[in-house]
Each structure stands twice: as C-alpha cells, then as structure tokens.
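J.: Mind having a look at this structure? Questions to follow.
The values are calculated or read from the model by the stated rules, or taken from the named source; none is laboratory data. Bear in mind the structure is a predicted one, so any value in this text is a computation, not a measurement. Here the Cβ is made from the backbone with ideal geometry for all residues, glycine too, and neighbour counts use every protein chain on show.
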Ligand code: BGC
C-alpha cells in the first residue's frame, strides 16, 4: 500500500513538473510570438546573418541584444577584432586551456565532460559570449583526419555520453552550446566540397546518435552545420539532416548556425533548415541571408513563416542565454578552473605499456632525470589553423617534472628534435620535417646515458595536427623514431611519453620499448598531471577512445579505398563498420584497441549477471558486474559493456559498446557495478522499413576491460 501511494505521489510529482515545464515553454513561446509580431521583415532578416565575424544583429528598439559567439573547444578563444581575425589585444581574455576532445574522451568519464562544460560556460560568461562553438564530436572515421584531436572517439555511444554532459555543463551557465559539425565532417581534405555518400543505416547508427543525444538529452540550444555535403546536399541546406531529422524527428527547438563560410545558396539554405549564416565573405548586406533573402521573401520563394520560425528559434536561444533571468556573471582562468583542468588531464592519460614496472617512478632511487624532446618544452594551446586559446598559463612536461621531481633529482633537458613543420606552409616548404637531427640526438643520448632515467617527450603538436588538412601518414614526425632508438640504447630506463591527439604508428616503439605513456594536448595543467602519473600520485585510468591500426591500410577507409574520394565524392563503403566494429568483425588485429589502457593496479572481473534472462521491448536490462582491485594501490577501472547479436539475420558488428562506468576501487575491494542497457538500444536501423528494429533472439553481453579484453560473457533473450 505504502509502495502504491509513493508511486502515485511520484507520478503526480513527475507529471506536475512536466506540466510546469510545458507551461513555462508555452509562456515563453507566447512571449516570443508577441515580439515577432512587432518586428519588421528587415529586422527579422538582420538577425539571420552575421553582422561581424562572431555576432549577429539584435533589434535595439525592442531590446533584443546581438547574439555573440566564440570558438571552443579547447577553451574560450581570445577576443579578436570585430571584423578581422587579428587579436583585439585585450588584457582580460587569458583563459583556461582545456584538454582536447580525444583527451576528454580518453577519461571515459562523463563527469569530466561536464566539468569541461561548466568551465567553458563560466569563462564564456566572463567574456559576455552567448554561444560557445563547442563541443565538437564528429566520429573518428579515419585516423589521419586533421581534426581528430578536436573530436572525441570512433564510437557513437561514448561520444553521446560525453557530448550530453559537455552540453549540460556549458548550458548550466546559461550559455548555449553549439554542437558541431552536423554531420560527418570526417576529413579535412576537400572539406568544403566533398560529398559524402553515407547510407541511411550508417548515418543513423554511427554518425547521428551522439548529435541526437546532445539534442534530446542534453537539450543543446544550437548546432553547427558542417562544411561538407551529405548525400548530394551541403549540410547547410540539407533538408534531410536539418528539417526532417533534426527539427521534426528530434524536436530541436534551437538554431542551426552555419559553419563559417559554409553557406552556398539563399533559397535552398533558408527552406532546408539553416537559421543563421555565419562567416561568409563580402559586404554583410550581400550575404545569402541578407538582402538576397529579403528579396526571396518578397517574391515568395521563401515564406515569411519560415523567417518567423528562424527568428523564433534565435529568440528562444536568447531567452535561455543572454536574456535569461539572473544570468551568471562568470569567471575566467580561476584557480578552481585550473583544478578542474588538472582533474580532466589526469584522468585522460593512458598507460600503454609498463612491462619493466618502471612506473611509477621510485623517487628514492632516482637522483638524475634526463627530460628529452621538443614536446617537453612545447605548449599546445595555440598552433596551426583552427581555434586555440590564449592560455593564462600552461605547464609544460618539463615544468611539471621539475616541480614534482626537482627536489629529489637533478633534471637535465635536451631538445632531441626540431619540430620543423608549420600548417601554413606548403608541402615543399615543409619538406624534410621528418628527418632526424643528428646533433640534437647525440646531445640527448649523452644526457640520457648519464641519468638514472630518461623521459622522452615526443609525438606531434598543434601545427602538425591541424584543422584544414589531414596528415599524410601515421608515422611519427620529426625523425622521432631515430631519437627513440638512440636514447633507449643510451639508457634502457627510458619512458616514452607521446603527446598527440590522434593515432600514430607505434609499431616500433611497442616492440622495442617497455614503458609507454600517452598524453594529449592536455590543457593548462598538462605537465603537472603527467608528472603526477609518472610519480604515482595519480594512477592512470585513461583508455584509448579510438583504435590504433597496425598499418594505415588496415583501417576501413583505406582498406576500401574510400578516402579522400574521387571527383569530390566519397562513399562510406565500410558502412557501419567504423573503428573497432571494423577490426573485430574483420578479424584484423589492431596495434592498440579501442578502450585499451593500463593501470598501476590490476582488476579482476569476478561476476556478470543480469536481473532476468528474458526481456521484452521497452524493458531495461539491469546488468551487474563485479570488479576486484587485485593489486596494491587504489585505481579507477572503466568497466565496458559490449553486446553482440547471436545469429543476426543482418550484418551487425562483432561487438557494440552499450554501457560503461568508471569506478574507483581500493586494493582488495570488490566494486559492484550496476549498469543498464535498454532493450530498445539493441536495435539496428532497418533502412527498408525506415525504422529501428530489435531483432528477437539471443544477445551476448560482454563485460570488458577493453574492446579486445572480454572478461565475462552472459546471454539474454529478447522476445
Ligand atoms: C571551423 C569551426 C569554427 C569556425 C569559427 C570553422 O573553420 O570549422 O569549427 O567554429 O571556423 O572559427
């Protein structure tokens, strides 16, 4: 009886809340309608296109402010001039540099994505920005994509969980997230012209789910259309993506903003779902959504109803941001933000190999350390094309190592290699960037030889991985392999630290080196987080968010010759088999698999159970995994749940990630880890009937420490 009453009370409470929300929404929409009624057509149209590089007009006489935006995702970009990209030379815009997208993904911790978002939101408020062009989470289809570092992972579920929290974090501060780039910006080569042919099942299962989650669960207020075409239509005028899926199916209420300079036509873009045109060139009144749109409305090629809908969406965004009640003031580059950046960075670092148990470093025995490599002294907040951050500070690896080990050890530095590569140069001008520098190598080997330990910081940088172009190979740049060989020969106690945002060829290093740590473009606190991992203050808990192939030709887009496309057209021939879905289904052994990462402790998986064996549609499968810390130190494990349809009647991936949880476990203790999978989430998209279909029958549920390290398996049945 008590249970029944509680249930009723709960129902009433929930419905009460929903209807209050609905009422608020109705009141807001009515308010917006009354404002729209007061506006002239010219005033409406002025709101639909940029009036400067990073803003669009308001209507002064009605008290409607400009809509201001700024770039993410690495932090709030410095103030640039109103009409050009040069610095405005402010002294108050130094910001927190946050770990890059793939670093956030490597935490496998949605709370970290949320922390990231809150900082972005607070710093945006301090700069009076309404919309942050962040987070970016296109699927890492192809390891050479120049923007892999900006994006999260190769898996739609992991992307979705992180995107939802990043959006919630940003918007908790009454700042709009602008999720990007919708959809399928998976290569930078020809990004402004390429047409991506993607079948609907693949779009629905791989490239769209994280966007859907960010809209429906995260309630993202704005979204940026990508530069490329999808199935024949520019993303800024793609009726299927913008009108049918985003606005109608997903119920998106906010505004679609074009990527900068990504609009091609007036009428097609206006009718097919774009709301705000940004970044075009030429006089502002001649942009596609300026005078030409006015003219198109006047002759009836675009209806005023469509214009009103766009204005309604923009005002809706404003009421949740600049025009929100009690709008927070924000704060920038505070110590608290630094602390949060440290927390994210320290959970993102991936321990790839520790065969000699060199890590964590035993400070008592180590009296001298050779820190080697240009990346040990390099900062990553800026560089290359695309948005960076004017970081208030950035702790380099060398500075971090000095601060954590400087009291007890003599620390020497050698550059080891020269990073002779600039994104702005031509291939000819960059020629020779991959050649080793023998003098620097000799210097480095000499200090390594005289030290107890060498910490060799290599990888890439923000020039080498950059928006606007893709890498040409997976090879480590700057002759780094020769440096690794020389330093390792001089001192076998060498720790290889790789700082980069995308997969590289680590075959040689994996074979010849016993200690490998992966760090990223890891934000203001990167060096401290890295040094604390080396010291064991932090037990590494990052897991790879994408597969490292043995060879580029193993990766699907290369194996099927569908990158970078022919005649500006590329067909996603691998379909749904992206990332580990491809490697596992095709039995191709990766170098490092999705979800891989070691710890200073070990975890034993001692149990996997489900609440039932047989399920119906709309049920939830309550899964419990038991994980024991069998080592001597506290650590965090990312418990991963994959599913596989047994005897599927259609092609399915060998496994699909459906849930994960990061848990902290003290030595000797067993964590009981509950996780849910909705039966509906076992569905595939049937493009013959245009519906999600859950095939009845047996599904394996696999509890795993990585996509290749399955520890426990059980079966459930769907009826
Ligand atoms: C990028 C976007 C960015 C915009 C504004 C474009 O080139 O693709 O991600 O937000 O520029 O800087």
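J.: I'd like to verify a number: residues in segment 323-368 that are closer than 30 Å to residue 452 by Cβ and in contact with a strand residue (DSSP E or B) (Cβ under 7 Å, 6 or more places away or on another chain), how many?
T.: Selection size over segment 323-368: 13.
J.: On the basis of being in the same structural domain as residue 473 (by TED's automatic domain parsing), buried (at least 19 other Cβ atoms within 10 Å of the Cβ) and part of a helix (DSSP H, G or I), does residue 395 make the cut? Outline the logic, then answer.
T.: Values: in the same structural domain as residue 473 (by TED's automatic domain parsing): yes; buried (at least 19 other Cβ atoms within 10 Å of the Cβ): yes; part of a helix (DSSP H, G or I): no.
Against the criterion (in the same structural domain as residue 473 (by TED's automatic domain parsing), buried (at least 19 other Cβ atoms within 10 Å of the Cβ) and part of a helix (DSSP H, G or I)), residue 395 does not qualify.
J.: A follow-up question, please. Could you list all residues from segment 166-219 that are on the phi > 0 side of the Ramachandran plot, more than 16 Å from the ligand (Cβ to nearest atom) and surrounded by fewer than 22 Cβ atoms within 10 Å (Cβ to Cβ)? Before you say what the answer is, go through the steps one by one.
T.: Filtering segment 166-219 for residues on the phi > 0 side of the Ramachandran plot gives 174, 184, 190, 219.
Those still in the list that are more than 16 Å from the ligand (Cβ to nearest atom) too: 174, 219.
The one that is on the phi > 0 side of the Ramachandran plot, more than 16 Å from the ligand (Cβ to nearest atom) and surrounded by fewer than 22 Cβ atoms within 10 Å (Cβ to Cβ): 219.
J.: Next up: Just checking, which of 136, 163 is within 14 Å of the ligand (Cβ to nearest atom) and touching a helix residue (DSSP H, G or I) at 6+ places or on another chain (Cβ under 8 Å)?
T.: Working: 163 fails: within 14 Å of the ligand (Cβ to nearest atom).
Selected residue: 136, the only one of 136, 163 that is within 14 Å of the ligand (Cβ to nearest atom) and touching a helix residue (DSSP H, G or I) at 6+ places or on another chain (Cβ under 8 Å).
J.: Shifting gears a bit: Quick one: in segment 61-86, which of the residues that are outside any loop (DSSP other than H, G, I, E, B) and more than 14 Å from the ligand (Cβ to nearest atom) is nearest to the chain's Cα centre (by Cα)?
T.: Filtering segment 61-86 for residues outside any loop (DSSP other than H, G, I, E, B) gives 61-62, 64, 67-71, 80.
Narrowing the set further to residues that are more than 14 Å from the ligand (Cβ to nearest atom) leaves 61-62, 64, 67.
Values: 61: 40, 62: 38, 64: 33, 67: 25 Å.
Among those that are outside any loop (DSSP other than H, G, I, E, B) and more than 14 Å from the ligand (Cβ to nearest atom), it is 67.
J.: State all residues of segment 149-161 that are crowded, with 24+ Cβ neighbours inside 10 Å and in contact with a strand residue (DSSP E or B) (Cβ under 7 Å, 6 or more places away or on another chain); if no residue qualifies, say none.
T.: The answer is 150, 151, 155, 158.
A quick yes/no check of all residues on (1) touching a strand residue (DSSP E or B) at 6+ places or on another chain (Cβ under 9 Å); (2) under 18 Å from residue 385 (Cα atoms); (3) part of a loop (DSSP other than H, G, I, E, B); (4) assigned by TED's automatic domain parsing to the domain that holds residue 690:
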position	(1), (2), (3), (4)
143	yes, no, yes, no
147	yes, yes, yes, no
163	yes, no, no, no
178	yes, no, no, no
186	yes, yes, yes, no
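J.: Pick from 474, 456: which is at negative phi and crowded, with 22+ Cβ neighbours inside 10 Å?
T.: Working: 474 fails: crowded, with 22+ Cβ neighbours inside 10 Å.
Exactly one residue qualifies, and that residue is 456.
J.: Based on this model, can you work out whether residue 325 counts as more than 16 Å from the ligand (Cβ to nearest atom) and either surrounded by 19 or more Cβ atoms within 10 Å (Cβ to Cβ) or at pLDDT 95 or above (or both)? Show your work before the answer.
T.: Working: more than 16 Å from the ligand (Cβ to nearest atom): yes; either surrounded by 19 or more Cβ atoms within 10 Å (Cβ to Cβ) or at pLDDT 95 or above (or both): no.
So residue 325 fails the test.
J.: Give the residues of segment 398-434 that are assigned to a helix (DSSP H, G or I) and more than 18 Å from residue 372 (Cα to Cα), sorted by residue number.
T.: Residues of segment 398-434 that are assigned to a helix (DSSP H, G or I), as a first pass: 398-405, 427-430.
Once the filter is applied, which keeps residues that are assigned to a helix (DSSP H, G or I) and more than 18 Å from residue 372 (Cα to Cα), segment 398-434 yields 427, 428, 429, 430.
J.: Please enumerate the residues belonging to segment 642-671 that are more than 29 Å from the chain's Cα centre (by Cα) and either surrounded by 18 or more Cβ atoms within 10 Å (Cβ to Cβ) or not in a loop (DSSP other than H, G, I, E, B) (or both). Walk me through how you get there before you give the answer.
T.: The first filter runs over segment 642-671 and keeps only residues more than 29 Å from the chain's Cα centre (by Cα), leaving 646-650, 666-670.
Result: 670, single match.
J.: Still on this structure, I have one more. Among the candidates 125, 89, single out the residue that is more than 30 Å from residue 350 (Cα to Cα) and not in a loop (DSSP other than H, G, I, E, B).
T.: On the way: 89 fails: not in a loop (DSSP other than H, G, I, E, B).
Checking each option against the conditions leaves just 125.
J.: Go over the candidates 439, 426, 473 one by one and state the one that is away from the ligand (no atom under 16 Å from the Cβ) and farther than 30 Å from residue 493 by Cα. Quick ask: steps written out before the conclusion?
T.: Details: 439 fails: farther than 30 Å from residue 493 by Cα; 473 fails: farther than 30 Å from residue 493 by Cα.
After ruling out the rest, the residue left standing is 426.
J.: Of all residues in segment 299-311, count the ones that are surrounded by fewer than 18 Cβ atoms within 10 Å (Cβ to Cβ) and touching a residue at least 60 places away in the same chain (Cβ under 8 Å). Give the steps one after another, and end with the answer.
T.: Here is the first cut: in segment 299-311, the ones surrounded by fewer than 18 Cβ atoms within 10 Å (Cβ to Cβ) are 299-301, 303-306, 308-309.
Now narrow it down to the ones that are touching a residue at least 60 places away in the same chain (Cβ under 8 Å): 304, 308.
Adding up the residues that qualify gives 2.
J.: Separate question: Can you spot a residue in segment 496-509 that is assigned to a helix (DSSP H, G or I) and under 14 Å from residue 374 (Cβ atoms)?
T.: Among the residues of segment 496-509, not one is assigned to a helix (DSSP H, G or I) and under 14 Å from residue 374 (Cβ atoms), which makes the answer no.
J.: Okay, moving on. Restricting the search to segment 313-354, which residues are assigned to a loop (DSSP other than H, G, I, E, B) and closer than 30 Å to residue 598 by Cβ? Show your work before the answer.
T.: Step one: filter segment 313-354 for residues assigned to a loop (DSSP other than H, G, I, E, B), giving 321-334, 349.
Across segment 313-354, the qualifying residue is only 349.
J.: Can you list the strands (runs of 3 or more DSSP E) lying wholly within segment 555-641 that have 3 or more residues being within 15 Å of residue 671 (Cα to Cα) and at pLDDT 95 or above? Let's see the steps before the verdict.
T.: On the way: elements: 569-571, 603-610, 620-629.
It comes to 603-610, 620-629.
J.: Before we move on, is residue 110 within 14 Å of the ligand (Cβ to nearest atom), closer than 25 Å to residue 529 by Cα and in contact (Cβ under 8 Å) with a residue 24 or more places away in the chain?
T.: Values: within 14 Å of the ligand (Cβ to nearest atom): no; closer than 25 Å to residue 529 by Cα: yes; in contact (Cβ under 8 Å) with a residue 24 or more places away in the chain: yes.
Taking the combined requirement at face value, the residue does not satisfy it.
J.: Within segment 44-59, which residues are crowded, with 19+ Cβ neighbours inside 10 Å and within 13 Å of the ligand (Cβ to nearest atom)?
T.: Once the filter is applied, which keeps residues that are crowded, with 19+ Cβ neighbours inside 10 Å and within 13 Å of the ligand (Cβ to nearest atom), segment 44-59 yields 50, 54, 55.
J.: Can you tell which of 279, 273 is within 16 Å of the ligand (Cβ to nearest atom) and at positive phi?
T.: Unique residue meeting the criteria: 279.
J.: Quick check on residue 227: is it more than 28 Å from residue 653 (Cα to Cα), in contact (Cβ under 8 Å) with a residue 60 or more places away in the chain and under 19 Å from the mean Cα position of the chain (by Cα)? Before you say what the answer is, go through the steps one by one.
T.: Values: more than 28 Å from residue 653 (Cα to Cα): yes; in contact (Cβ under 8 Å) with a residue 60 or more places away in the chain: no; under 19 Å from the mean Cα position of the chain (by Cα): yes.
Answer is no for this residue.
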